[in-house]
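The values are calculated or read from the model by the stated rules, or taken from the named source; none is laboratory data. Since the model is a prediction, treat every value here as computed from it, not as a measurement. Note that we place each Cβ from the backbone using ideal geometry, even for glycine, and neighbour counts take in every protein chain shown. We work out accessible area using only protein heavy atoms, side chains counted, and drop any ligands, DNA or RNA first. Shrake-Rupley method; radii C 1.70, N 1.55, O 1.52, S 1.80 Å.
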Amino acid sequence: MRRVATSLANLIRRVIDFFYPPFSRWVPKLMFRYAFCGTANIVLDWVLYFFLYNFVVGHDNIDMGFVVISPHILTLCITFPITLATGFYLARFVTFTSSTLKESSQLFRYILVVLINLAINYWGLKLLVEMCHIYPTPSKMLITTVTVAFSYVCQKYFTFKK
């Protein structure tokens, strides 16, 4: 399994690096890889969120018996573990490959950063959707842009530091 993950990561890295030369004057390779992988994971998140919200979860509150969950928050809860896994894989095996920290430490730190992002997403969705009455998908996209810069700094200097 590890060999497949590494082979896939090498393939992804080669594809990303193929597109790097025109940007090499302005962006370091590490940042380019992070942006490429992050963009792919964000697009996956947005597509999953849109699809699940509109075609699976629906637009009505869900009564769990002990708590009522709004559909935009339930959709966030469903997409979160998926993009957590794909994001960690891309960060660890494609972008920040030179980190010397143990994988378990990286995963723990990655989860901490992502949990902070989850809190930002949760409160941001509550604010934008429920108080400002902005549609859920554009709200999610706006909040994502806020968390991207925060994530890059945290991942580079905390989660995957050398």
Pairs needed: first member in the range 99-127, touching a residue at least 60 places away in the same chain (Cβ under 8 Å) and hydroxyl-bearing (Ser, Thr, Tyr); second member anywhere, open to solvent by less than 50 Å² (accessible area, probe 1.4 Å) and assigned to a helix (DSSP H, G or I); C-beta distance under 7 Å; at least 6 residues apart or different chains. Ser99/Gln106
Quick one: which of Leu11, Leu48 is among the hydrophobic types (A, V, I, L, M, F, W, C), modelled with pLDDT of 95 or more and either within 25 Å of Asn121 (Cβ to Cβ) or in contact with a His (Cβ under 6 Å, 6 or more places away or on another chain) (or both)? Leu48
For residues in the range 101-128 being part of a helix (DSSP H, G or I) and among the charged types (D, E, K, R), which is nearest to Ser151 (Cα to Cα)? Arg109
Scanning the range 16-71 residue by residue, those open to solvent by 50 Å² or more (accessible area, probe 1.4 Å) and part of a loop (DSSP other than H, G, I, E, B) turn out to be Phe19, Ser24, Arg25, Trp26, Pro28, His59, Asp60, Asn61, Met64, Gly65, Phe66, Val67
Residue that is nearest to Tyr53 (Cα to Cα), among those in the range 94-142 that are crowded, with 19+ Cβ neighbours inside 10 Å and among the β-branched types (Val, Ile, Thr): Val129
